[in-house]
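The values are calculated or read from the model by the stated rules, or taken from the named source; none is laboratory data. Just so you know, these numbers come straight off a predicted model, no measurement behind them. With ideal geometry, Cβ positions are generated from the backbone for all residues, glycine too; neighbour counts draw on all protein chains shown. These accessible areas exclude ligands, DNA and RNA; they are computed on the full protein's heavy atoms, side chains included. Shrake-Rupley method; radii C 1.70, N 1.55, O 1.52, S 1.80 Å.
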Amino acid sequence: MRPANRVFANLGTTIFSVMSALAAEHGAINLGQGFPDDEGPDDVRAVAAKALIDGPNQYPPMPGLPALRQAVAASNKRFYGLDVDWQKQVLVTSGATEALNDCLLALLNPGDEAIILEPAYDSYKPIIEAAGAKCVSVPLEPPLWSLPLDRLAAAFSDKTKLILLNTPMNPTGKVFTLAELQVIAALVLKHDAYAVCDEVYEHLTFSGHRHIPLMTLPGMAERCVRIGSAGKTFSLTGWKIGYITGPEHLMTPIMKAHQFVTFTTAPATQTAVAFGLGKDDSYFQGLANSLEAKRDLMAKGLKEAGFDVLPTDGTYFISADFRPLGFNGTDEEFCRDITIKAKVAAIPLSAFYANPAAAPRHLARFCFCKQDAILTESSARLLAYAKR
């Protein structure tokens, strides 16, 4: 029989599925998958419940409910000073991964090149390649996840259509600095390229670090699209509400791609997210403060167990070097070992690289957006494992 699409047919089972299954098999605490273990703000969920009963429950407008699109535009102004036309420059999607798919399908043609910075979220490369484009990877340099400016400049060419930038960055927790963003912006302008900015962790920054959208830099408003996520902003990952902001000339083809991917998104949850985006500043700062405390709790436990802990300035994730524990295998072997023996599951960082040869093999990623008691128990289990 004729083969299926080569990109998706050749994909293996994701490491997230593998480690989650192993965690379930061995009764391990799963710090591999990145979702909170609470249910999100009561008031936001109450608005969704009321909207579900009151209706309407039929197709909402294809670009999203006006109330949510207006709220996204207002958030862009409130937090970043961006002036956005909600009718022409905002699109609601069924999650940020759909938003990525819409942007990449709409902007890439076969033969184009798209730059990603690694380690990278695992959906980037398959979507780029399914669009017929070539994925060009630039690895960051641990332990500080420095951006290698010479390698980045060399990755750009006359075939570069766009760079996919994730800040704050999963899995590293890196928040890109203004100086780094200025270098990226200059290269985008020099090569007449675009930037697709995955900013789903925009409100989850720590230790005084501030998220700066690339779109706010000179010359970038016409070349950037930025993606946000209600799932991350309100700890409601199951709702799958994303939103894209960008200039009209880019949003027009992106909306057309969305029309043939999901077409629209559940209206009750859209209504609730519109309400949530209008919450006081204290909510957004409180969320960041809470996660920063969890980061510190997880980091303390990992250090006490003997890990070298890498800096993390945002997101849900913290990475640790397990070599001081005396483990001499690969990161995948280590993550399997602690899942079975310590009953704590993590993700090998090499899973976030397209080219295994470019990946460090001594780092594991732990998710800390869990209840404090879960983090404390995980640390105790890892300490006992290290002592054995």
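Summary of computed values
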quantity	calculated
Odd one out for residue 121, checked against (1) at pLDDT 95 or above; (2) within 30 Å of residue 154 (Cβ to Cβ)	(1)
Sole residue being outside any helix (DSSP H, G or I), in contact (Cβ under 8 Å) with a residue 12 or more places away in the chain, among the aliphatic types (A, V, I, L, M) and in contact with a helix residue (DSSP H, G or I) (Cβ under 9 Å, 6 or more places away or on another chain), chosen from 68, 11, 52, 22	11
Residues satisfying the stated conditions in region 88-97, i.e. buried (at least 22 other Cβ atoms within 10 Å of the Cβ), out of contact with any Leu (no Cβ under 7 Å at 6 or more places or on another chain) and not small (Gly, Ala, Ser)	89, 90, 91, 93
Test for residue 295: is it among the basic types (Lys, Arg), modelled with pLDDT of 95 or more and surrounded by fewer than 21 Cβ atoms within 10 Å (Cβ to Cβ)	no
Matching residues, region 334-388, being touching a Lys or Arg at 6+ places or on another chain (Cβ under 8 Å), charged (D, E, K, R) and not in a helix (DSSP H, G or I)	343, 370, 388
Every residue from region 218-230 that is open to solvent by 20 Å² or more (accessible area, probe 1.4 Å) and aliphatic (A, V, I, L, M)	221
Qualifying residue in region 351-365 (condition: open to solvent by less than 60 Å² (accessible area, probe 1.4 Å), farther than 21 Å from residue 145 by Cα and touching a residue at least 24 places away in the same chain (Cβ under 8 Å))	no
Which listed residue, of 188, 196, 200, is of a type in the set (A, V, I, L, M), crowded, with 20+ Cβ neighbours inside 10 Å and part of a helix (DSSP H, G or I)	188
Any hit, region 321-333, residues being in contact with a strand residue (DSSP E or B) (Cβ under 8 Å, 6 or more places away or on another chain), in a helix (DSSP H, G or I), at negative phi and among the hydroxyl-bearing types (Ser, Thr, Tyr)	no
Residue satisfying all of: in region 75-86; part of a helix (DSSP H, G or I) and touching a helix residue (DSSP H, G or I) at 6+ places or on another chain (Cβ under 7 Å); nearest to residue 277 (Cα to Cα) among these	75
Evaluation of residue 334 against (1) farther than 27 Å from residue 211 by Cα; (2) touching a helix residue (DSSP H, G or I) at 6+ places or on another chain (Cβ under 9 Å); (3) of a type outside the set (Ser, Thr, Tyr); (4) open to solvent by 30 Å² or more (accessible area, probe 1.4 Å) (one fails), failing number	(4)
Candidates 45, 2 - the one that is of a type in the set (D, E, K, R), surrounded by 15 or more Cβ atoms within 10 Å (Cβ to Cβ) and over 24 Å from residue 341 (Cα atoms)	45
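Results for (1) open to solvent by less than 30 Å² (accessible area, probe 1.4 Å); (2) touching a strand residue (DSSP E or B) at 6+ places or on another chain (Cβ under 8 Å), shown as yes or no for each residue.
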{"position": "72", "(1), (2)": "yes, yes"}
{"position": "78", "(1), (2)": "no, no"}
{"position": "86", "(1), (2)": "no, no"}
{"position": "104", "(1), (2)": "yes, yes"}
{"position": "117", "(1), (2)": "yes, yes"}
{"position": "129", "(1), (2)": "no, yes"}
{"position": "142", "(1), (2)": "no, yes"}
{"position": "147", "(1), (2)": "yes, yes"}
